[in-house]
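A short worksheet on the structure shown next.
The values are calculated or read from the model by the stated rules, or taken from the named source; none is laboratory data. From a predicted model like this one, the values you see are computed outputs, not experimental measurements. Please note: Cβ atoms are built from the backbone with ideal geometry, for glycine as well, and neighbour counts cover all protein chains shown. Surface accessibility is based on the protein's heavy atoms, side chains included, excluding ligands, DNA and RNA. Shrake-Rupley method; radii C 1.70, N 1.55, O 1.52, S 1.80 Å.
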Amino acid sequence: MTHLDTELKILKADLIEMWQLVVNQLEKGMKALTNFDRDLAEEVMENEKRVNSFELKVDKDCENIFALFQPVASDLRLVLVALKIGNNLERIGDIAASVADFVLEADTDFNKAILEHTKILEMYAVANEMIADALEAFDQEDTRLARTIFKRDKILDDIDNKALDRVLECIQNYPDQARNSLLVMSMMRKLERVGDQSKNLAEEIIFYFEAKVLKHKKKKKKEGDE
Amino acid sequence: MDLRRYTEPFFENLIKVCGYSSGFVVLLIVIFLFREGISFFNFSPVEKGYSLWVHSNNPVKKLEPAQIKDIFDQKITNWKSIGGKDEPIHLLSFDELSQAYSPTQLGPKFEHLPRCLDSFMDSLPGTIGFFPEAQTVGQLKTAREVEVDKIALSKFLTDTEWFPTSRPAARMGVMPLLLGTMLVSFFAILFALPLGLAASIYLAEIADERVRKILKPIIELLAGIPSVVYGFFGLVVIVPFVQDAFNLPVGETALSGSIVLAIMALPTIITVSEDALRTTPRSMKEASLALGASQWQTIRKVIVPYAASGITAAAILGIGRAIGETMAALMVTGNSAIMPHSLLQPVRTIPATIAAELGEAPYDGLHFKALFALGCVLFFITLIINLLVERVSAKR
Amino acid sequence: MSNKIETIDAHLYYGDFHALKGITLGIKENAVTALIGPSGCGKTSYLRLFNRMNDLIPYTQISGQVLLDGQNIYQIKPAEIDSLRRNVGMVFQNPNPFPKSIFENVAYGLRVNGIKDKSLIEAQVEKTLQQAALWDEVKDKLNQSAFELSGGQQQRLCIARALAIEPTILLMDEPASALDPISTGKIEDLIFELKNQFTIVIVTHNMQQAGRVSDYTGFFYLGQLIEYGKTRKIFTNPTKQETENYITGRFG
Amino acid sequence: MIFPESNERRKKLGQAIMFGIARGISYGIVGLLLLILFFIAKQGMGVVNWQYLTSMPTDGMTKGGIYPAIVGTLYLVGGSMLFAFPVGVMAGIYVNEYAKEGALKRFVKTMTNNLAGVPSIIFGLFGMALFVNQMGFGASIIAGSLTLGLLALPIVIRTTEESLKSVDDTFRQASYALGASKLYTIRKVVLPIALPNILTGLILAVGRVSGETAPILFTVAAYFLPKLPSSIMDQCMALPYHLYVISTSGTQIEASRPMAYGTAFVLVAIVLIVNIIAALLRNYFGKKVKMN
């Protein structure tokens, strides 16, 4: 094993650890929302600092590898991808934190009916799954799995498109939950962004393993391009 | 300007022709040397114009030069030992013939010599006679001419006697000369190589630059002194010295030759091996020193082995010079063409033989050709040595 | 980590030429220190201070202190220079095996230092060839001439040769500059492996190499040490403008 | 690893002894040379005077001078150089400037090396066979000069080649770039730069030729000839041969010893002078020509 291999292995391990942390953050946020667990929400907020420092570490790793080893080919793609994935993960981490923040802003429990009606939990679950699958695709070098992520973004978009109407219906049906409904609305807007970030992750994974640039391509092409 | 169109190709062709001059000269040398040298083997060793005669009943039809010499030296006294009848050999000389027959019987111009010879042969069948061909040819009845073998190449190279002027048949064997040459050259290198190597090591690795700048030109000067001066120096200094030191009857010996040739070979050996030693990369020396080796250990174990092929080339080149050296060898080795047995005995080298004898050898005669044949042998040896040097120094 | 070698205000003159102008630097133990800089900057001269190789060049003058394990090596007796050099292995720019067999090359340092025990020598040769990652390639042809090896193998043989007398310091003067990329990679991996047991100082004009193999880097320019620090720092954020210019290739 | 202490002392001692021996031998060799020179100078100095250099040998070569031998040697050196210098220089030009790398050039160089290694007595034999007999010159200055010229040929070729090799290629390219032809470039650019070195080689060749004996034994040299040659078809005396005959085959060897020392001294002096001139030339032009 060469010196560079060792460095790349460390980089990859850091990235995966960060990734798992972010997945964990989202899951905890969802739990905090469902159970209205303020402590858990606080924990998510607290952990956001760890996500940020992970991003700095990954950046530093990449910088050193660029400066000291001049990576080429797949090594180069890995470092490039790691930089961007780190960046995307940090944003997802931000989203997880702001969702937790919205939970803390609520004064009362979230009514189960609202959560059901707005389909926020479904959205949350899909988003979680997309990030987790992206991690698996990266770890297992499974670009087929990565390609499935693009389709799933549509589910999030559909839910998000109907969010406004559904929240309005909730406010009319449960006037005492008007504030919570609006918070749910804000959360859904954030979670929709997780889908976009996941798509970016998938693109980077495919670029890393196949050296194909999928950015700014038509959706059809991305999915069909197998 | 126009003229140059014609002059330039002319000069360029001239340059080209000159470029091949060395090859051309070598070719010419080979042709002339070998033309003369090879014709030697077509010559009868019996002196020109003479023949050997025996009784026609004598079963011996052919004699070898060595046998003839032994017969006339009376080492062989009976025909039996060379395949004839059990009969003593009688050597008939012209004097004996003129005693046995009166001048009138022989005739005033020896015109009756054949008849006398015939009758002598009848009376003494064991006779062998040596007479000019002109007066005998075609008229003999009882006597018969003996065929004499020409000197074959193998005989020439292996015969151990060199008597080019002996009568009736010359003996020409290269062996004593070749061994003499080898003996003198070998010991010359034996003396010169350790000294030369030590000096080249000193100059290349030990001496500082200032000392080297003084010593090197002096040693190169040593190479420029003419060989005849070395020969003269050997004659007046080394020969008496050897004579006194070993209490010899004569000081002109193989040893004296070896010493003089060793002195002459020194500059070649020193210059070539110093160059070879200097090719050792500096980093290789430093690698050795960095391992804690002393400077001497580095020289002995790294530099000398690295320069081994160059040093070998130096030694071979030195041998080549010694083998080909003429004047010094001629002046101090004593010039006795016998098989060498010891260093303290006069010997004769091939070049010295040529130099000493060519002046006396009749033009185009057997002896003359023999010396060219010797030249061929010498040329071959030096050619092999030159090619060897090129081979050795091209290695690596 | 403590300093294995330390120089304090070291000056070196070749005749009138002032090759090193007061270098003060500590070389860390069991780490790889790279010396970089343009040709003629004094990096090789500095390296050669540590085993007094500069002594071999006439008209050399040295001032200042060169401390090896705290002892000034320019104040030892001349007789101790050989044992100093035993403690400091050196590998050169061009592979320079001796005109001997592979085995004898490695055994050379042992023999010249008076080791006669055959089995000891054999064991040591095998051990060091293993260390130099060459054993598997040459174990069946130990008696062949070292010149029959490829350039990269020769250089690893030279490293094995230096390791055989168990130095604590290994000096490498552009050890891979004459080699192809594959062999260079093997040498670099070897350096990476060896740094746990040896204090390695490597001179290189290949900055990328310095980045790849070293823990600390010193940048020399015109006989002066411009900057010294952790390699990561030097290569990502050098303090001095000269260093920045040199490592970015915008030099002169 | 523990290294035996005693080894250090042995190393030092061995080195001191071997260095001492090497130094001793080197000084010994140089001393020997100086001894030879000193010996010959001491013995010869008393004999050599203007009279000795300019008069004919008399009294069976036990008295008189060596004038005809000096003149003969001058003729031979001049004649041989007249042949060897132009041919050798042109051959050198061919080898270094014209011949392409490959088998042919290697062959020419090998032949030059071989020619340089041919023993001088072979040149004598060859000269006798070709010039004296085949071409019918008889023993004459022209036969001797040509023989010596052939001997000097490889020396001149090699020196020329080395000298031309040391001329930087940029000079040639600069000349070609200006549109000069190859021959013009060689003549006007390359040769002038190489000339001092070529001349040094020429001088050393002169030194070599003036001392050669074996090649002139049968081609020109006269045992005793108390007059100067009147044409190139005459025989002549020569210094090295003169030294040989009066030290070995004269009738009164002992009586002619002083004459021999004088001749040896003159020969050595020629070599010294030639070497000094060559060294001065080298120093003056700062480039060394490699000779052997």
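For first residues located in segment D:203-218 and farther than 27 Å from D:GLN134 by Cβ and more than 9 Å from chain B (Cβ to nearest Cβ), partners that are in a helix (DSSP H, G or I) and at pLDDT 90 or above and lie 6+ apart or on another chain with Cβ distances below 7 Å form the pairs D:VAL206/D:VAL77; D:VAL206/D:MET81.
If I filter segment B:2-10 for residues that are β-branched (Val, Ile, Thr), open to solvent by 30 Å² or more (accessible area, probe 1.4 Å) and more than 22 Å from the chain's Cα centre (by Cα), do I get at least one hit?
The answer is yes, given that some residue of segment B:2-10 is β-branched (Val, Ile, Thr), open to solvent by 30 Å² or more (accessible area, probe 1.4 Å) and more than 22 Å from the chain's Cα centre (by Cα).
Would you be able to say whether some residue in segment A:109-118 is free of Cβ contacts under 8 Å to residues at least 12 places away in the same chain and on the phi < 0 side of the Ramachandran plot? Yes, segment A:109-118 contains at least one residue that is free of Cβ contacts under 8 Å to residues at least 12 places away in the same chain and on the phi < 0 side of the Ramachandran plot.
Annotation: of all residues in segment C:68-127 being loosely packed, with under 15 Cβ neighbours inside 10 Å and among the aliphatic types (A, V, I, L, M), the one that is farthest from the other protein chains (Cβ to nearest Cβ) is C:ILE76. The residue list C:ILE226, C:ILE187, C:ILE159 contains one member that is within 22 Å of A:GLN70 (Cβ to Cβ) and not in a loop (DSSP other than H, G, I, E, B), which is C:ILE187. Residue-level check: of (1) open to solvent by 20 Å² or more (accessible area, probe 1.4 Å); (2) more than 10 Å from chain B (Cβ to nearest Cβ), D:ALA116 misses just (2).
Of all the criteria given as (1) open to solvent by less than 10 Å² (accessible area, probe 1.4 Å); (2) over 24 Å from A:MET18 (Cα atoms), the one not satisfied by A:SER198 is (2).
Determine if segment C:40-61 includes at least one residue that is farther than 26 Å from C:MET207 by Cβ and β-branched (Val, Ile, Thr). Looking through segment C:40-61, at least one residue is farther than 26 Å from C:MET207 by Cβ and β-branched (Val, Ile, Thr). Taking segment C:212-244, which residues are out of contact with any strand residue (DSSP E or B) (no Cβ under 8 Å at 6 or more places or on another chain) and in contact (Cβ under 8 Å) with a residue 40 or more places away in the chain? C:TYR221, the sole residue that qualifies.
Taken over segment C:205-221, residues that are under 14 Å from the mean Cα position of the chain (by Cα) and open to solvent by 50 Å² or more (accessible area, probe 1.4 Å) amount to 1. I'd like the residue in segment B:166-212 that is part of a helix (DSSP H, G or I) and of a type in the set (Asp, Glu) and, out of all such residues, is surrounded by the most Cβ atoms within 10 Å (Cβ to Cβ). Residue satisfying both the conditions and the ranking: B:GLU205.
Take the residues in segment A:1-42 that are part of a helix (DSSP H, G or I) and among the hydroxyl-bearing types (Ser, Thr, Tyr); name whichever of them is surrounded by the fewest Cβ atoms within 10 Å (Cβ to Cβ). Here the residue is A:THR6.
Rundown of residues vs (1) within 30 Å of D:LEU115 (Cβ to Cβ); (2) more than 8 Å from chain D (Cβ to nearest Cβ); (3) in contact with a Gly (Cβ under 8 Å, 6 or more places away or on another chain), yes/no style:
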{"position": "B:SER283", "(1), (2), (3)": "no, yes, no"}
{"position": "B:LEU289", "(1), (2), (3)": "no, yes, no"}
{"position": "B:ALA307", "(1), (2), (3)": "yes, yes, no"}
{"position": "B:THR312", "(1), (2), (3)": "yes, yes, no"}
{"position": "B:GLY318", "(1), (2), (3)": "yes, yes, yes"}
{"position": "B:SER336", "(1), (2), (3)": "no, yes, no"}
{"position": "B:LEU343", "(1), (2), (3)": "no, yes, no"}
{"position": "B:THR349", "(1), (2), (3)": "yes, yes, yes"}
{"position": "B:ALA355", "(1), (2), (3)": "yes, no, yes"}
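Meeting the requirement of 3 or more residues that are open to solvent by 30 Å² or more (accessible area, probe 1.4 Å) and under 24 Å from B:THR158 (Cα atoms), the helices (runs of 4 or more DSSP H) wholly within segment B:51-116 are B:65-72. When we screen D:SER6, D:SER26, D:SER55 for residues that are more than 22 Å from the chain's Cα centre (by Cα), among the hydroxyl-bearing types (Ser, Thr, Tyr) and surrounded by 20 or more Cβ atoms within 10 Å (Cβ to Cβ), the only hit is D:SER26. Tallying residues that are surrounded by 19 or more Cβ atoms within 10 Å (Cβ to Cβ) and modelled with pLDDT of 85 or more within segment A:104-127 yields 4.
Give me a count of the residues in segment D:9-20 that are surrounded by fewer than 14 Cβ atoms within 10 Å (Cβ to Cβ) and either closer than 13 Å to C:ASP82 by Cα or within 41 Å of the chain's Cα centre (by Cα) (or both).
5
Only residues that are within 30 Å of C:ALA162 (Cβ to Cβ) and either away from chain C (no Cβ under 14 Å) or touching a residue at least 12 places away in the same chain (Cβ under 8 Å) (or both) were counted in segment D:1-55, giving 4. Being within 11 Å of chain D (Cβ to nearest Cβ) and part of a helix (DSSP H, G or I), is that true of even one residue in segment B:247-258? Within segment B:247-258 (the criterion being within 11 Å of chain D (Cβ to nearest Cβ) and part of a helix (DSSP H, G or I)), the answer is no, since none of the residues qualifies. Looking across segment C:36-67 at every residue that is in a loop (DSSP other than H, G, I, E, B) and hydroxyl-bearing (Ser, Thr, Tyr), the one that is surrounded by the fewest Cβ atoms within 10 Å (Cβ to Cβ) is identified as C:SER39.
Checking each residue in segment D:234-285 for being assigned to a loop (DSSP other than H, G, I, E, B) and open to solvent by 60 Å² or more (accessible area, probe 1.4 Å) picks out D:GLN235, D:THR251, D:GLN252, D:GLU254. Is it the case that C:ALA79 is part of a helix (DSSP H, G or I) and free of Cβ contacts under 8 Å to residues at least 40 places away in the same chain? Here the answer is yes, as C:ALA79 does meet what is asked. Among the residues of segment C:138-167, those that are surrounded by fewer than 16 Cβ atoms within 10 Å (Cβ to Cβ) and either of a type in the set (D, E, K, R) or over 22 Å from B:LYS285 (Cβ atoms) (or both) comprise C:LYS139, C:ASP140, C:LYS141, C:ASN143, C:GLN144, C:GLU148, C:SER150.
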